[in-house]
Amino acid sequence: MLSIEALVEGLTTGRLSRRGFLQGAIALGLSMSGAVALLEACTSGTPGTSGADLTFVVWSYGVETIKDNIKKLEAKVSGLHVNFQDFAWTNYHDTMVARFAAKTPTDVCYSSDHWLSEWAAAGWLTPLEQKYPDLNAYTSDYFPYVIQGMTYQGKNYGIPYYADTWAFLYNEDHLKKAGISQPPTTWDELTQQSLQIKSKGIANYPVILLFAQDDPGSIEVWTSMVFSLTDGHLFDESLNPVFNRSGSAAAKTIDWVANALNTSKILDPASLTSQEIPVVKAMESGAHTFTILETYNQAELNKSGSGPFSGQFKMAPMPGDTHNTVGYVRFYAVTDQLTKRDANVVKFGDQFLQYFGGKPDGAISPVVKRWAVENGLGFGWKSLWDDADVRKAFSTWGSPDMLRQNQQLARSKEGLTKYYPSWDVFTRGELQKAYLKQVSTTTALSAMADKWNSLKKG
Amino acid sequence: MAGRESGYAYLTLLPVLLIMAAFSLYPIGYALYLSLHREVLTDPLNNPYVGFQNFSNALHSYYLTSSLVSTAAFMAMAVPSVMIFGLLAALLLNEAFAGARILRVAILLPWAMPAVVSGIVWRWMLNGDYGILNSALFQLGIIHDYIPWLSQPALARVGLAVAHVWREGPLAAIFFLAGLQTISPDLYSAAAVDGAGRVAAFRRITMPLLRPTIVIVLIYETIVAATTFDLVYVMTGGGPADATSLISWYAYAEVFKFLDLGTGAALAFLIALVLLAVIILYLRVLRSEERR
Amino acid sequence: MLVFILGPILWMLDSSFQGETELLTRPSHLLPQQPTIANFNYIFTGAVPQGLNVRGTLRSRISQEAREVPAALENSAIIALTVALVNVALGALAAYTFARLKFRGKSLVFNFLLGTRLLPAIAVAIPYYAIVSALGLLDSYLGLILVYLTFSLPFTIWFLRDYIISLPIDIEEAAQIDGCSRLQLLLRIVLPLAAPGLAAAGAFAFMSSYNEFLFALLLTQTISSQTLPVILSSVATNPDASLALIATSVVLAMVPPLLFAIAFQRFLTRGLVAALGKG
């Protein structure tokens, strides 16, 4: 039996020849690699998607509700087991990129219109028509910005998890205390009202905005502010930047924010690191008066027990000229991996998608309706507005008419291409620099344009 | 004798060398390959050889200057602070006093934990809404309003540096303490007999004898500060306004956010080269010190 | 000084026993006024803390990732322990060779080993990923162990070499005359003498592997091998996770390193003194 000690002893006493040593070493090496292989077999790899496990990856919103939905589905469909994982929304893009690149088993995942083109271009997501053509039949009932957000190269890639708009929300009680009867309709008016509120000591920083660099919502907030102005466009039809033209809506928006932050001091400096939840919490506590948040957060703000101002938060059209805002869709996407699995798993995938966002049993998914009724999440289906339960639920925290109006004024983000995510991340940093007046608005916008053009060139 | 033992020598070194070679020679080669080709994750089939294009991209990148500046600013704050903290703590710990033993154990604790813990804890404590630092300062009457520390570029860098010092300072302290303990107390007694005060003793005895240790710690801490990543990841994510986008964060972003592996690899090479140059410089200084 | 060092640790401990509402009060409560172990409960049993429902949020502020903290602790411990043991074994073997033997290429090999440490982590991140992926070792203990070995071995060897050099050589020479082989010398005489140094080297290797973040982040994707720093940072930077949950996770994460540091503190300082005394 070959042992290290014998080998060494042989060497040091000169009994083993060079050749003998080599042979011994090779044998040892082989046995070691055999041991390595054995170890590897024991310790490597994930438990592996066994049988009919469907791996479903989401960001961490409403995890308890999702788990409950899964439980109901598993009870309904025998043999289906969902392997469910959640990650931070702020890290979601990077986490999924790493996951896809490492080919970690992932079958269905959330995605946002920010990233669809990038992930589809990389081949990580597949269009529905490949394995789930009947799910494509629902697009006629979707809002335009929903269809745009889920389409890449003319093909539909998902079914909506939820779709919503960005809304201008304000604390009505603050306004009353300040003697203001109507919310502002232009950005100048917003400044005026804020100064009034500030001088009366009602709020030190009347405005707070979701500008954290790691929150994908921050680009949507800025974009909605741009959309609300005349010529509110970032790109033209050929996807060339127009935001860097002098006097553009984008420039005006940046100037307004920079002014609010540095000169009139009506914007909370903490905005630069505030993600969605800190903004919501701050509004709930009454520290601020005005903000721009996803519509469903009005439900969050007005829920009883949310704070001293529960029920006082109202929505107004986005201040500006056109009052347009951003509409977006977050959806269930089918990964390339799922389409390559066995037929029975693919079928499970179909049942999963139908249940969560399609029309199982002919009517719109109970999951979608549940999100709307319980959490106030918007939806991609036009016809869901006709549902009495939904209307009733919405009217407890908001005005359905205002919600519908906002929806009609909503447009999809511009520039949704495979390089939008990279441009987005770059832009968030540039915008912050401009807000802080570290660089001039023109400099920031031209840097953003340069980045876009270089990404577009490839 | 030398020849006979060579066999044993090589054999004992074989496993180590195998592992190290596999994980150092191959990566360098592969990194070089990546940096010379176009490798963009969303364009997986298009990988032509592009020569030094990636290097040029990295060097001319809009981000490079700002991340270098951020890194330099951070290092200027972090490295001296760590050294000073370490030295002061070591001097303190070298004295015998009640509680010294507890402190000697306690001082190691921050370094024993992952750097991410330091980042998380300090981010929490510096929070502008419920951070305990704000709470304490407010109650002491030093500030009238909670400060959003990590929302302001300059203060964010300071916050990062504080978290860094909290974690790295203890290691420097241990190193300096060990160094101090190798200095014979006789030297100090002799100096006292000669009438030298504490400060003079410090300058003439402690500092010179501690110099080699200082250089070692300086080298190590410089490298650590230059390649800080964990803290940035959990504390600031590179913001606000890229103020804390240190060079290693930029390299990470190139790959994970911009999905450009070619430029990321090129950038990493450049960083490695610069650090190598710095280290060689330091080592030269160390050697000249040793010769003295 | 004690406040600066221990303050943050104690504050985390304090916070983990406060409920979500209490954590958000301004100014902060130094001692929990309504202490609760609900968050610890959630991590270990999955029972959603009641405080979250009362607060008036429509969505549950939990992330399942927090429940992975105990598993991550286990992963970290196993990986770090393996790295430490292999370090001591292979490192001592190699260090003794460098310390006592003369052979051709000695300084070349030694400098090569040390030189590899000069590469900053970020420079080799992608290539390491590629190797580990090609070997099929992504998301496995072995992948991380191998990578951590390459990080820790150079320092261990350098440290142990210095330590062994500082040991008196007479005993070894005497034993050699008696006919002991090198290996026997190492195993029977040197190792017992060098025990404190070995402990110190092992402790360093353990700690540096346990605390490593970047490569754990890149090379692991699921909880089957994700280590503590990865899970922790994921939970802590998740805005959807409640603060109380984060505090609890941090406290749990702190326990093993704390215990380890307290246990090995003496070896570390002594080992450093020995190593530095030579240089």
Open item on the list: Out of the helices (runs of 4 or more DSSP H) lying entirely within region C:154-272, which hold 3 or more residues that are within 14 Å of chain A (Cβ to nearest Cβ) and either touching a helix residue (DSSP H, G or I) at 6+ places or on another chain (Cβ under 9 Å) or in contact (Cβ under 8 Å) with a residue 24 or more places away in the chain (or both)?
Closed with: C:214-219, C:228-236
Task: Residue check, B:Y250 among the hydroxyl-bearing types (S, T, Y) and modelled with pLDDT under 85 - done: no
Task: Only one of A:T322, A:T335 that is over 23 Å from the mean Cα position of the chain (by Cα) and either farther than 18 Å from A:G158 by Cα or outside the structural domain of A:A250 (by TED's automatic domain parsing) (or both) - done: A:T322
- [ ] Go through (1) modelled with pLDDT under 85; (2) on the phi < 0 side of the Ramachandran plot; (3) surrounded by fewer than 21 Cβ atoms within 10 Å (Cβ to Cβ) one by one and return the number of the condition C:G179 breaks.
- [x] (2)
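Working carefully through the options C:R67, C:R104, find the one that is among the basic types (K, R) and facing chain B (nearest Cβ under 10 Å).
The conditions single out C:R104.
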Open item on the list: List the residue pairs whose Cβ atoms are under 6 Å apart, where the first residue sits in region B:147-161 and is closer than 13 Å to A:L272 by Cα, the second is part of a helix (DSSP H, G or I) and of a type in the set (V, I, T), and the two are 6 or more positions apart or on different chains.
Closed with: B:L150/A:T273; B:S151/A:T273
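For B:I132, are the conditions met, namely being under 27 Å from the mean Cα position of the chain (by Cα), in contact (Cβ under 8 Å) with a residue 60 or more places away in the chain and over 26 Å from B:D260 (Cα atoms)?
Judged against the criteria, B:I132 is not a match.
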Task: Residues located in region A:264-279, provided they are among the β-branched types (V, I, T) and either more than 12 Å from chain B (Cβ to nearest Cβ) or assigned to a loop (DSSP other than H, G, I, E, B) (or both) - done: A:I266
Open item on the list: On the basis of being within 9 Å of chain B (Cβ to nearest Cβ), of a type outside the set (A, V, I, L, M) and either farther than 16 Å from A:N240 by Cβ or surrounded by 23 or more Cβ atoms within 10 Å (Cβ to Cβ) (or both), does A:K437 make the cut?
Closed with: no
- [ ] Enumerate the pairs (first residue in region A:123-139 and closer than 22 Å to A:A101 by Cα and within 14 Å of chain B (Cβ to nearest Cβ); second residue anywhere and hydrophobic (A, V, I, L, M, F, W, C) and assigned to a helix (DSSP H, G or I)) with beta-carbon separation below 6 Å, excluding pairs fewer than 6 apart on the same chain, so at least 6 apart or on different chains.
- [x] A:W124/A:F100; A:L125/A:W119
Open item on the list: If the requirement is being more than 30 Å from B:N46 (Cβ to Cβ), over 21 Å from the mean Cα position of the chain (by Cα) and modelled with pLDDT of 85 or more, which of these qualifies: B:A266, B:A241, B:A226?
Closed with: B:A241
Open item on the list: Test of understanding: among A:A282, A:A287, which residue is in contact (Cβ under 8 Å) with a residue 40 or more places away in the chain, farther than 21 Å from B:D242 by Cα and assigned to a loop (DSSP other than H, G, I, E, B)?
Closed with: A:A287
- [ ] Looking only at region A:352-360, decide whether some residue is in a helix (DSSP H, G or I) and surrounded by fewer than 18 Cβ atoms within 10 Å (Cβ to Cβ).
- [x] no
Task: Matching residues, region A:280-289, being of a type in the set (S, T, N, Q) and more than 11 Å from chain C (Cβ to nearest Cβ) - done: A:T289
Open item on the list: Among the residues of region A:444-451, are any of a type in the set (A, V, I, L, M, F, W, C) and in contact with a Lys or Arg (Cβ under 8 Å, 6 or more places away or on another chain)?
Closed with: yes
Task: Within region B:176-208, tally of residues that are closer than 21 Å to B:E221 by Cα, among the hydrophobic types (A, V, I, L, M, F, W, C) and within 14 Å of chain C (Cβ to nearest Cβ) - done: 4
Task: Residue list for region A:290-314, restricted to those being farther than 16 Å from A:A393 by Cα, in a loop (DSSP other than H, G, I, E, B) and more than 11 Å from chain C (Cβ to nearest Cβ) - done: A:P308, A:F309, A:Q312
TODO: Sort out which residues of region C:130-151 are over 19 Å from the mean Cα position of the chain (by Cα) and either more than 8 Å from chain A (Cβ to nearest Cβ) or aliphatic (A, V, I, L, M) (or both), and write them in order of number.
DONE: C:A130, C:I131, C:V132, C:A134, C:L135, C:L137, C:L138
Task: Lone qualifier among A:L455, A:L377, A:L384 - being surrounded by 22 or more Cβ atoms within 10 Å (Cβ to Cβ) and within 23 Å of the chain's Cα centre (by Cα) - done: A:L377
Task: Conditions (1) under 30 Å from B:A251 (Cβ atoms); (2) of a type outside the set (S, T, N, Q); (3) modelled with pLDDT under 85; number of the one not met by C:I164 - done: (1)
- [ ] Please work out which residue is surrounded by the most Cβ atoms within 10 Å (Cβ to Cβ), limiting yourself to region A:389-428 and to residues that are more than 27 Å from A:Y170 (Cα to Cα) and small (G, A, S).
- [x] A:S422
- [ ] Please give the helices (runs of 4 or more DSSP H) falling wholly within region B:1-75 in which 1 or more residues are more than 23 Å from C:Y128 (Cβ to Cβ) and more than 8 Å from every other protein chain (Cβ to nearest Cβ).
- [x] B:2-22, B:53-60
Task: B:T244 closer than 19 Å to B:S70 by Cα and either more than 14 Å from chain A (Cβ to nearest Cβ) or touching a Phe, Trp or Tyr at 6+ places or on another chain (Cβ under 7 Å) (or both) - done: no
TODO: May I ask you to list the residues in region A:88-99 that are modelled with pLDDT under 90 and either in contact with a strand residue (DSSP E or B) (Cβ under 6 Å, 6 or more places away or on another chain) or over 22 Å from A:S274 (Cβ atoms) (or both)?
DONE: A:T95, A:V97, A:A98, A:R99
- [ ] Please tell me if C:A89 is surrounded by fewer than 18 Cβ atoms within 10 Å (Cβ to Cβ), in a helix (DSSP H, G or I) and assigned by TED's automatic domain parsing to the domain that holds C:P192.
- [x] yes
TODO: For residues that are over 11 Å from C:T116 (Cα atoms) and of a type in the set (S, T, Y), scanning just region B:10-26, find the one that is surrounded by the most Cβ atoms within 10 Å (Cβ to Cβ).
DONE: B:T12
- [ ] Kindly establish whether C:F103 is more than 27 Å from B:A272 (Cα to Cα), in the same structural domain as C:F206 (by TED's automatic domain parsing) and touching an Asp or Glu at 6+ places or on another chain (Cβ under 7 Å).
- [x] yes
TODO: Return yes when A:F100 is part of a helix (DSSP H, G or I) and within 14 Å of chain C (Cβ to nearest Cβ) and no when it is not.
DONE: yes
Open item on the list: Suppose we keep only residues that are facing chain A (nearest Cβ under 9 Å) and crowded, with 23+ Cβ neighbours inside 10 Å within region B:128-150. Which one would you say is nearest to A:Q213 (Cα to Cα)?
Closed with: B:L150
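The values are calculated or read from the model by the stated rules, or taken from the named source; none is laboratory data. Because the structure is predicted, anything quoted here is derived from the model rather than measured. Ideal geometry is used to build each Cβ from the backbone, glycine not excepted, and the neighbour counts take in all protein chains shown.
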